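The values are calculated or read from the model by the stated rules, or taken from the named source; none is laboratory data. Fair warning: this is a prediction, and the values are worked out from it, not measured in the lab. With ideal geometry, Cβ positions are generated from the backbone for all residues, glycine too; neighbour counts draw on all protein chains shown. Heads up: the accessible areas ignore ligands, DNA and RNA and are worked out on the full protein's heavy atoms, side chains in. Shrake-Rupley method; radii C 1.70, N 1.55, O 1.52, S 1.80 Å.
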Amino acid sequence: VESTGTGGGMKLFCAGVGAQHPDVEDASRRIKKSELEDCARNGVKDIVEIQIGIDGIVLAESNAGAAMKLTPADVYKALAAKPYGKEQTAKTWKDVNPALPPVAIKVYGPPPTSGTRDAFGELIMEKGCKADPAMADLKKTNEDQFKAICTGLREDGAFVEAGENDNLIVQKLQANPDAIGIFGYSFLEQNDDTIADIAIDGVSADYESIASGKYTVSRPLFIYMKKQHVDVVPGMKEFVAEYVSDKALGEDGYLADKGLVTLPADQAEATRKTASDLTLVTADGLK
């Protein structure tokens, strides 16, 4: 077992077939088309994609914090390196939105190799950026420039890359009531005695709002497995069968106890069929 971000894990997973390469990779986003192509170039041609649950991307603060409520546009204006292509001048949240408190902007978040960072960029930063019609138009005409303006984060200390260990971000929030952290929902649930979520567009992150889709800053969680390894790696079939079993993925399963937002019954059944049939992922629909 090795701990990496999704992007780093994909590089290891796609590097080849054989005992020196991973059999299974966890991922907090879907595999990218470029990663699938990288896999194929290295002989990893039979990949099974299994969705195991749902996660919310949470913005959180200390229970002693300012109890802020934010929109994607607020977050984008606060953290973008070049908000809407202009110079970044915001020092406090009040500079971003007069309704917010005059608290210095200090946000701890994941590094570029993290699936959480990818999801944050797509679900919060891009959404806030597209609040400007000119940026929405730019997406249609120049995707690269749109990505640079809409997902590029500040490097002046307002946004701090805190590594892949979300527990460290939780500790930063506990130590600094003015700071905000970005991480997966399970870390909020496990530390709700000391930290609280920040509502996005008026919706708080909790199990029900994430499962129903009401909390829009959510993403699917996956495991990827090499079909080429299944018949030669002892225990791999049993491992995956356990992973998708009702006692693991069910609403009352042990993964829910760890903070996983479980799949609706119909999706869970589809996941089990994919795992049983070893259905291969294709490039259709991948970005």
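A quick yes/no check of all residues on (1) under 20 Å from the mean Cα position of the chain (by Cα); (2) over 27 Å from Gly213 (Cα atoms); (3) touching a residue at least 60 places away in the same chain (Cβ under 8 Å):
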{"residue": "Ile52", "(1), (2), (3)": "yes, no, yes"}
{"residue": "Asp55", "(1), (2), (3)": "yes, no, yes"}
{"residue": "Leu59", "(1), (2), (3)": "yes, no, yes"}
{"residue": "Lys82", "(1), (2), (3)": "no, yes, yes"}
{"residue": "Trp93", "(1), (2), (3)": "no, yes, no"}
{"residue": "Val96", "(1), (2), (3)": "no, yes, no"}
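If you go through region 271-287 and keep only what is part of a loop (DSSP other than H, G, I, E, B) and of a type in the set (Asp, Glu), you end up with just Asp284.
Check Ala73, Ala60, Ala78 and return the single one that is on the phi < 0 side of the Ramachandran plot, in a strand (DSSP E or B) and open to solvent by less than 50 Å² (accessible area, probe 1.4 Å).
Working: Ala73 fails: in a strand (DSSP E or B); Ala78 fails: in a strand (DSSP E or B).
Of the residues listed, the single one that is on the phi < 0 side of the Ramachandran plot, in a strand (DSSP E or B) and open to solvent by less than 50 Å² (accessible area, probe 1.4 Å) is Ala60.
Considering the conditions (1) closer than 30 Å to Val44 by Cα; (2) surrounded by fewer than 18 Cβ atoms within 10 Å (Cβ to Cβ), Ala199 is excluded by exactly one of them, (1).
Would you confirm, using the coordinates I've provided, whether Gly85 is at positive phi and open to solvent by less than 70 Å² (accessible area, probe 1.4 Å)?
Numbers: at positive phi: yes; open to solvent by less than 70 Å² (accessible area, probe 1.4 Å): yes.
So Gly85 fits the description; yes.
Taking Gly235, is it at positive phi and open to solvent by 10 Å² or more (accessible area, probe 1.4 Å)?
On the way: at positive phi: yes; open to solvent by 10 Å² or more (accessible area, probe 1.4 Å): yes.
Yes: the conditions hold for Gly235.
Of the residues making up region 124-155, those that are part of a helix (DSSP H, G or I) and open to solvent by less than 40 Å² (accessible area, probe 1.4 Å) are Ile124, Met125, Glu126, Gly128, Cys129, Met135, Ala136, Leu138, Phe146, Ile149, Cys150.
Please state which one of Lys273, Lys247 is closer than 18 Å to Tyr224 by Cβ and open to solvent by 60 Å² or more (accessible area, probe 1.4 Å). Before the answer, list the steps.
Numbers: Lys247 fails: closer than 18 Å to Tyr224 by Cβ.
Criteria check complete, one pass: Lys273.
Among residues of region 235-252 that are more than 17 Å from Ile54 (Cα to Cα) and among the basic types (Lys, Arg), those with a Cβ under 7 angstrom from a residue that is at pLDDT 95 or above and open to solvent by less than 100 Å² (accessible area, probe 1.4 Å), sequence gap 6+ or separate chain, pair up as Lys237/Val230.
Within region 250-270, track down each residue that is open to solvent by 70 Å² or more (accessible area, probe 1.4 Å) and assigned to a loop (DSSP other than H, G, I, E, B). Working first, answer last.
From region 250-270, those open to solvent by 70 Å² or more (accessible area, probe 1.4 Å) are 251-252, 254, 257-258, 265-267, 269; that's our starting set.
Listed by number, the residues that qualify are Glu251, Asp252, Lys258.
Restricting attention to region 33-45, the residues that are crowded, with 17+ Cβ neighbours inside 10 Å and in contact (Cβ under 8 Å) with a residue 40 or more places away in the chain total 2. Tallying residues that are open to solvent by less than 40 Å² (accessible area, probe 1.4 Å) and without any contact (Cβ under 8 Å) to a residue 40 or more places away in the chain within region 11-20 yields 3. In this structure, is Val24 open to solvent by less than 30 Å² (accessible area, probe 1.4 Å), modelled with pLDDT of 95 or more and hydrophobic (A, V, I, L, M, F, W, C)? Answer is no for this residue. Scanning region 159-192 for residues that are in a helix (DSSP H, G or I) and open to solvent by 40 Å² or more (accessible area, probe 1.4 Å) gives Asn167, Leu168, Gln171, Lys172, Gln174, Ala175, Phe187, Glu189, Gln190. State whether one or more residues within region 100-114 are in contact with a helix residue (DSSP H, G or I) (Cβ under 9 Å, 6 or more places away or on another chain), under 30 Å from Leu12 (Cα atoms), in a helix (DSSP H, G or I) and open to solvent by 30 Å² or more (accessible area, probe 1.4 Å). No, the conditions are met nowhere in region 100-114.
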